[in-house]
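Below you'll find the structure, written out as structure tokens, and then a few comments.
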Amino acid sequence: MKTLTKFTITLALSFLAVTGVRAQDLIANVYGREMQSLNGKWDAVVDLYDQGRKNRIYLNRKPEGKTDFYEYAFENGLRLDVPSDWNSQTPELKYYEGTVWYARRFDAPRRDGRRLFLHFGAVSYRCRVYLNGEEIGSHEGGFTPFQIEVTGKLKPADNFLAVEVNNTRTPDAIPAMAFDWWNYGGITRDVSLVSVPEVFVEDYFIRLDKDSADRISADIRLSGAPAGTSVQVEIPELKVRETASADERGAAALSFRVKNLKRWSPGDPKLYRVIVTAGRDRVEEMIGFRNVRVEGEEIYLNGEPVFLKSVSFHEEIPQRMGRAFSESDAVMLLSEARALGCNMIRLAHYPQNEYIVRLAEKMGFMLWEEIPIWQGIDFANDATRQKAGRMIREMVGRDRNRCALTFWGVANETQPSEPRNEFLRYLISCCRELDDTRLIVAAFDLVRFDRDRQLFVMDDPFIEALDVVAVNKYMGWYHPWPVTPDKAVWDVARGKPLIISEFGGEALYGQHGAADVASSWSEEYQEALYRDNLRMFENIPNLRGVSPWILFDFRSPFRFHPTNQEGWNRKGLVSDRGYRKKAWYLMKAYYDKR
Ligand code: GCB
């Protein structure tokens, strides 16, 4: 009995230790804090048979006696760049799905009165983190950040940090077993050691109230602060300096009116310097203010109806055949979207790195952000639901101060079922709990042509739970036209705004051929298909935005054709080498006219 109790306690404690990291609330605006970058070359060990944990290689032991030996060493072996995926760094890892250990050493000179957190922008897909031989946390989900407090755990010099990263696809994961993009593994985003005072501003949510052009609300959460600690919010340009006291949980709320506020919009992406102070902590960042709402079939931005001229891209630099991770990568992706004339980006199909989100906001793109609930998700699995809830909270928590964020996407191409409905309702409630100012959207692929009514229709009662309905529809590519495009009339989700969140078809850049045969994979066919779809859009009365699939050709194991695809999805308006295809010019002309 005693043993059992001890065992239970040990188990519970180890569970706590492992999940402790998950419970860590995110520190808002990590890039606005004092931090030491841990990016750079890390040592790496490829662990195909998952032997590393059993052999405790994170201890990085060296032989001491004559008969002492260890069958590993981190030094003098593979070196991998962090951040980056591993697949693009050496040919042997191109298709690798499994475990890779990363390790590096770093110094952390002692400073009294500071708390320290390891911050990972993203690790794909799951990981365990070990510091100086001790497991300190774990995380699942390849596209959202996490942090682990390491106060008191660091030595002034030569700390050994090891990360066990695994990107094996599993049925209970998000995404699950198959998805139409590359399964990049690795420490794919920035790693840093964040330093804050003992009492610090852990999180804040500062926004314009949903229905007011001049009332700002600020919810602030302090860490380590006694009740009554004073919190201050300043917006110098608006002559705002407001204070409040934190309660016993460290929470403080403010609500105040401002004069002469210029609201953020794609045409004028105005941002204000906002400073939050509490005790010795002071954090600042650029924040914009705007109103978004839906009424009937209209989407309003700052009280004006808006049409979404969107495009999607993956977090990938096609020319490098690897994940995008830096600010200059963000410049490349977003410049091409700007050239196309877009006012919005659908960040497909997962939260992309903060450089992209922050630069998009500065450049004036509205954003749709989603977690990878992409077909094939195990909706009946409670553990998967919990995972999705955590993921969506991490996404909303990271980006809710970005006014460019207009839509939280909860799903892409799901089939109706009660477990699905319950799962998605849960995700919506997670979003709304953290943020009641955005619109909730999901993309469906269920639209069909009703021959009796001669109309495109969709039956999925779940749309009632959404602010905006989105449809992926590949007319002319996956679906033959049942009528000519001018007669293709839609009666879908009437009463709500509708977005065509994907449409298009594949073309190999530089391949020319018949404009009327998909199998030619020609630029001419893709261009004709775009022309037809744009014609059909005139017959969708509640259409409030379109988002072609996709800006760039992207790598995908779904795509086997040996000459036309070679492992690439060729639906890009721009080729893998960065050349614009004919359809790009048509889309550009359409956006210029709207
Ligand atoms: C879709 C998916 C997208 C795919 C695309 C395609 O409906 O949402 O992720 O890449 O179709 O090219 O088939």
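Before moving on, here are some points about what is shown:
- Residues with amide H under 5 Å from that of Leu405, placed H, sequence gap 5 or more: Leu367
- Per-residue ellipticity at 222 nm computed for the chain from its helices equals -6000 deg cm²/dmol, with DSSP H segments shorter than 4 residues left out and the rest contributing -39,500 (n - 2.57).
- Each residue of segment 328-333 was assigned a 3J(HN,Hα) from its phi angle through the Karplus expression (A = 6.51, B = -1.76, C = 1.60, θ = phi - 60°), giving 5, 4, 4, 4, 4, 5 Hz with x at Gly and Pro.
- Here segment 200-290 has 43 percent of its accessible surface on carbon and sulfur atoms, given a 1.4 Å probe and all protein chains in place.
- Cα shape, segment 2-196, gyration tensor, a/c 1.5 rule: rounded
- Debye equation applied to the C-alpha atoms of segment 295-451, log10 I(q)/I(0) at 0.08, 0.14 Å⁻¹: -0.25, -0.75
- The radius of gyration of the Cα set in segment 343-388, together with its Dmax, comes out at 13.7, 41 angstrom.
- Scalar couplings 3J(HN,Hα) for segment 242-258, obtained by applying the Karplus form with A = 6.51, B = -1.76, C = 1.60 to θ = phi - 60°, are 10, 10, 8, 10, 6, 8, 5, 8, x, 8, 9, 10, 9, 8, 8, 8, 10 Hz; x denotes Gly and Pro.
- Its residue count N sets the reference 2.2 N^0.38 Å, and the alpha-carbon radius of gyration of segment 55-119 equals 1.53 times that reference.
- Amide H contacts under 5 Å for Ala213: none, restricted to partners 5 or more places along the chain or on a different chain, H placed in the peptide plane at 1.01 Å from N.
- Per residue value of the accessible surface for the chain (all protein chains in place, 1.4 Å probe), Å²: 41
- Span from the segment 102-150 Cα centroid across to the segment 347-380 one, whole angstrom: 24
- Qualifying lysines (Cα of each under 29 Å from Cα of Lys62; at least 8 residues distant if same chain): Lys41, Lys54, Lys153, Lys155
- Efficiency of FRET between Asp112 and Glu418 - r from beta-carbon atoms, R0 45 angstrom, step 0.05: 0.20
- Of all DSSP beta bridges in the chain, antiparallel share, percent nearest 5: 75
- Proximal lysines relative to Lys309, as straight alpha-carbon distance under 30 Å, when same-chain residues fewer than 8 apart are discounted: Lys210, Lys262, Lys270, Lys362, Lys473, Lys487, Lys496, Lys571, Lys581, Lys582, Lys588, Lys593
- Hydrodynamic radius of the chain per Kirkwood, over alpha carbon pairs, in Å: 25.6
- Euclidean distance between Cα centres, segment 38-86 to segment 278-324, Å: 40
- Neighbour net charge for Ile499 - beta-carbon separation under 13 angstrom, K R +1, D E -1: 0
- Three-way shape call for segment 277-321 based on the alpha-carbon gyration tensor, with the a/c threshold at 1.5: oblate
- Gain upon complete extension [Arg105, Asp219; 0.36 nm per residue less C-alpha separation]: 37.3 nm
- Rg ratio for segment 81-207: its Cα radius of gyration over 2.2 N^0.38 Å, N being its residue count, equals 1.17.
- Within-13-Å neighbourhood charge of Asn260 [Cβ basis; K, R +1; D, E -1]: +4
- Cut-off under 5 Å, modelled amide H: who pairs with Arg115 long-range: Val196, Glu198
- Mean projected area (nm²) of the alpha-carbon convex hull when segment 459-507 is viewed from all directions: 4.2
- Residue among Leu161, Ser138, Val150 farthest towards the positive dipole end of segment 2-196, charges placed on Cβ: Val150
- Backbone geometry of segment 305-319 corresponds, through the Karplus equation with coefficients 6.51, -1.76 and 1.60 at θ = phi - 60°, to 3J(HN,Hα) couplings of x, 10, 10, 8, 9, 9, 8, 10, 8, 7, 7, 8, 9, x, 4 Hz, x marking Gly and Pro.
- Angle in degrees between helix 382-399 and the longest Cα principal axis of the chain, rounded to the nearest 10: 90
- From the alpha carbon centroid of segment 560-587 to that of segment 470-523 is 16 Å.
- Sorted from greatest to least, the principal axis extents spanned by the alpha carbons of segment 200-290 come out as 43, 22, 20 Å.
- Only protein heavy atoms count here; on that basis, with a 1.4 Å probe, Cys127 has an accessible area of about 10 Å².
The values are calculated or read from the model by the stated rules, or taken from the named source; none is laboratory data. It should be emphasised that the depicted structure is a prediction, and the values quoted were computed from it without experimental measurement. Note that we place each Cβ from the backbone using ideal geometry, even for glycine, and neighbour counts take in every protein chain shown. What goes into the accessible areas is simple: the full protein's heavy atoms, side chains included, and nothing from ligands, DNA or RNA. Shrake-Rupley method; radii C 1.70, N 1.55, O 1.52, S 1.80 Å.
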